[in-house]
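The values are calculated or read from the model by the stated rules, or taken from the named source; none is laboratory data. Nothing here was measured: the structure is a model prediction, and the numbers come from that model. As a convention, Cβ positions derive from the backbone with ideal geometry for all residues, glycine included, and neighbour counts pool all protein chains shown.
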Amino acid sequence: MSAPLLAVLSAAVDRSRSALGSLDRPTARRLDGEQIGLHLLTAAAVFLLVLPVLIAAIVSTKRTGIVTTVGDLLPGGYAQTNYRRALITLGFWRFMLNSLLMSVVIVVGKLLISLLAALVIVYYRFPYKNAVFMFVLFTLLLPVPVRFVPLYRLVTDLGLGNTFFAITVPYLASATTVFILRQHFLSIPASLVETAKLDDVGPLRFLVSVLIPMSRGVLVGVSVIMFVYAWNQYLWPLVIVNSESLQVAQVGLSLLRGQASTGEVAWSMVMTGSILTLIPPLALLVLFRRPLLETFTIQQK
């Protein structure tokens with residue numbers, strides 16, 4: 001390393017030390033106190049958020065599952081028995097498998113439809129394009145329960161009631177996903193579009209070769225959001241599916257409670273099913289937390 005570079009580095013270190021030393025002790029103590037208070041407040045908020053999950057996990061390890069005193073919040077010794085009974089004896093694995101298949105189909109279908117819709121809205125010119133996009137956003141204002149009655153009549157009239165298609169096809173269109181992908185596509189430089197036009201690249205090839213590789217982080221984040229949304233569906237599968245073999249995990253929790261309602265075992269079984277239901281979406285959120293954060297920081301051109 002050369003002497004001028006060493007001199008510059010030593011001068012920078014000296015300036016940093018002098019700047020730190022210029023702070024008087026009361027100011028430094030006040031800053032330390034603010035940081036400690038902020039950390040304590042954050043820890044308290046995280047503890048309050050995690051506390052229900054911890055209680056559910058503890059209750060799932062007990063025989064009865066009834067909590068009346070603080071001493072009942074100690075872990076029990078029936079974890080292996082409860083989880084084996086919920087998964088195998090009561091058949092909860094089937095509900096989780098149905099939820100997994102439903103969520104995967106919904107994620108893949110939503111991505112395909114939303115990618116094509118965002119491609120058309122951003123890169124194609126057609127009359128009333130902005131009005132079409134506003135109409136897509138307008139569908140977000142309609143609450144889900146409002147659409148249940150006409151959707152139920154449509155699905156039953158088509159003969160799709162009590163089938164796997166009934167719990168997947170109605171969720172394939174997503175205005176939220178279209179909006180997120182549109183905003184991300186708008187942030188892609190226009191020079192790439194002009195280059196693709198000069199190279200005579202078609203729209204589908206441009207989508208596969210340019211847009212999708214440049215949108216991997218956003219696509220992963222959107223997929224996680226859609227998976228969690230699909231996994232947590234309860235009301236529509238409860239309404240449209242009558243067969244217990246086709247039900248999903250969220251509805252399976254109520255069935256699990258009904259099957260295990262003999263005496264005091266019910267709550268331990270319900271908490272066991274709740275922990276099992278929580279594992280897949282929680283694992284995805286932990287594994288793909290960075291793409292998920294990237295999804296919420298998309299920029300508009």
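Some observations on this one:
- Residue match in segment 34-57 (condition: β-branched (Val, Ile, Thr), at pLDDT below 85, touching a Leu at 6+ places or on another chain (Cβ under 9 Å) and under 30 Å from Ser268 (Cα atoms)): no
- Residues of segment 171-205 satisfying the condition of being more than 25 Å from Leu285 (Cα to Cα), in contact with a Leu (Cβ under 8 Å, 6 or more places away or on another chain) and of a type outside the set (A, V, I, L, M): Pro203
- Close pairs (6 angstrom Cβ cut-off, 6 or more residues apart or separate chains): touching a residue at least 24 places away in the same chain (Cβ under 8 Å) in segment 265-292, among the basic types (Lys, Arg) and surrounded by fewer than 21 Cβ atoms within 10 Å (Cβ to Cβ) anywhere: Ala266/Arg257; Val270/Arg257
- Val122 touching a residue at least 60 places away in the same chain (Cβ under 8 Å), buried (at least 19 other Cβ atoms within 10 Å of the Cβ), of a type in the set (A, V, I, L, M, F, W, C) and closer than 21 Å to Pro237 by Cα: no
- Test: residue in segment 121-135 that is over 21 Å from Ala230 (Cβ atoms) and small (Gly, Ala, Ser): yes
- Among the residues of segment 99-116, those that are crowded, with 19+ Cβ neighbours inside 10 Å and either farther than 21 Å from Val222 by Cα or of a type outside the set (S, T, N, Q) (or both) comprise Met102, Ile106, Val107, Lys110, Leu111, Leu115.
- Residue match in segment 173-195 (condition: acidic (Asp, Glu) and more than 30 Å from Ile240 (Cβ to Cβ)): yes
- The residue that is modelled with the highest pLDDT, counting only those in segment 139-190 that are of a type in the set (Lys, Arg) and over 21 Å from the mean Cα position of the chain (by Cα), is Arg153.
- Top-ranked residue of segment 89-98 - restricted to ones that are surrounded by 14 or more Cβ atoms within 10 Å (Cβ to Cβ) and either within 15 Å of the chain's Cα centre (by Cα) or among the aliphatic types (A, V, I, L, M) (or both), ranked as nearest to Leu255 (Cα to Cα): Leu90
- The number of residues in segment 128-163 being closer than 23 Å to Val222 by Cα and in contact (Cβ under 8 Å) with a residue 40 or more places away in the chain comes to 4.
- Subset of segment 152-170 [in a helix (DSSP H, G or I) and out of contact with any Phe, Trp or Tyr (no Cβ under 8 Å at 6 or more places or on another chain)]: Tyr152, Arg153, Leu154, Val155, Thr156, Asp157, Phe165, Ala166, Val169
- Qualifying position, being surrounded by 20 or more Cβ atoms within 10 Å (Cβ to Cβ) and assigned to a helix (DSSP H, G or I), among Val218, Val208, Val228, Val193: Val218
- The one condition in (1) surrounded by fewer than 10 Cβ atoms within 10 Å (Cβ to Cβ); (2) modelled with pLDDT under 70; (3) outside any helix (DSSP H, G or I) that Ser18 fails to fulfil: (3)
- Test: residue in segment 252-268 that is more than 20 Å from Val59 (Cα to Cα), modelled with pLDDT of 85 or more and surrounded by 20 or more Cβ atoms within 10 Å (Cβ to Cβ): no
- Failed criterion for Arg289 (all others in (1) within 22 Å of Val104 (Cα to Cα); (2) at pLDDT 85 or above; (3) basic (Lys, Arg) hold): (2)
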